[in-house]
Amino acid sequence: MSRNLENLLQQQKKASVLPFDPDAEPSVVFDFTENNPDLKNIDPADTEGFTRYVFGVLAQAGSRIGLGGYRENRTIYRHSALFSGGKVRSYHLGLDLWVEEDTPVLAPFEGEVHSFQDNRGQGDYGPTIILAHTLEGVRFYTLYGHLSRDSLKGLTTGVCFSAGDTIAEVGSSAVNGNWPPHLHFEVIKDLEGLSGDFPGVCAPEDAPRYLKNCLDPNLVLKLKTLGWTG
């Protein structure tokens, strides 16, 4: 790369992947590590119960969005064999935005559809879209997981979007891998040959390698709620 992607993203204006600004209204930052005592009474395998917890916390805070997860070593993946085969994967590489299903998802930058896929299975992404972007000659990718199935209808690779265009909608628990409705947003330097999918969770011992490739999504969103000070 001729330019450092982190620096390029820092220099961009604040972008959004939702039709509203989480900094402009109440929002909740969730903790899904072992430090959250609430999780002792929550079974993530109970999708309905987990959803009641997430949206109950939001309702109590008078908020329509929950945030968090990047670089978080989570306990909520233990319900799925997807994360426990071989190395146990628990280290989150993207940012989760917990919102109601059917919430529009926006392109933060001009880009084109690199690939898309319905990653079905307990704990997986469900419908997923990956966009390719170029900033000052530097190519990178953004991944959007847990979408609606309608988001993939009629989609083709190479389709171009402008910044702020609606590219998808957040999916329901029935299609998104059995999670409470939310968007998984990830910023990736190199897809390593993958298409329609990329790890959103890694084993803690592999985190140093993955974090070099999966950048902080808040470099794009620049949310003060998540500590942005630029």
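Would you please name the GluC sites (Glu not before Pro) within region 178-208 that are DSSP coil residues with at most 16 other C-beta atoms within 10 Å of their C-beta?
Within region 178-208, the qualifying GluC sites (Glu not before Pro) (loop, at most 16 other Cβ atoms within 10 Å) are GLU192.
Let me have the relative contact order for the chain, percent, based on Cα pairs under 8 Å that are six or more residues apart.
25 percent
Calculate how steeply helix 47-60 sits against the longest principal axis of the alpha-carbon atoms of the chain, using the helix alpha-carbon long axis, and give the answer as 0 to 90 degrees to the nearest 10.
80 degrees
What do you get for trypsin sites (Lys or Arg not before Pro) in region 139-222 restricted to DSSP loop and a cutoff of at most 12 other Cβ within 10 Å of the site's Cβ?
Answer by residue number: LYS153.
Would you work out the charge dipole size for the chain about its Cα centre, treating the Cβ of every Lys and Arg as +1 and the Cβ of every Asp and Glu as -1, and quote it to the nearest 20 debye?
That gives the chain a dipole magnitude of about 440 debye.
Can you give the calculated 222 nm mean residue ellipticity of the chain, where each DSSP H run of n ≥ 4 adds -39,500 (n - 2.57) and the sum is split over every residue, rounded to the nearest 500 deg cm²/dmol?
That comes out to -3500 deg cm²/dmol.
In the chain, what % of DSSP beta bridges are antiparallel (nearest 5)?
95 percent
Can you count the Lys pairs in the chain with C-alpha separation below 13 Å, eight or more apart or on different chains?
Close lysine pairs under the 13 Å cut-off: 4.
Where a number appears in this text, it was derived from the coordinates with a stated rule and is not lab data. From a predicted model like this one, the values you see are computed outputs, not experimental measurements. With ideal geometry, Cβ positions are generated from the backbone for all residues, glycine too; neighbour counts draw on all protein chains shown.
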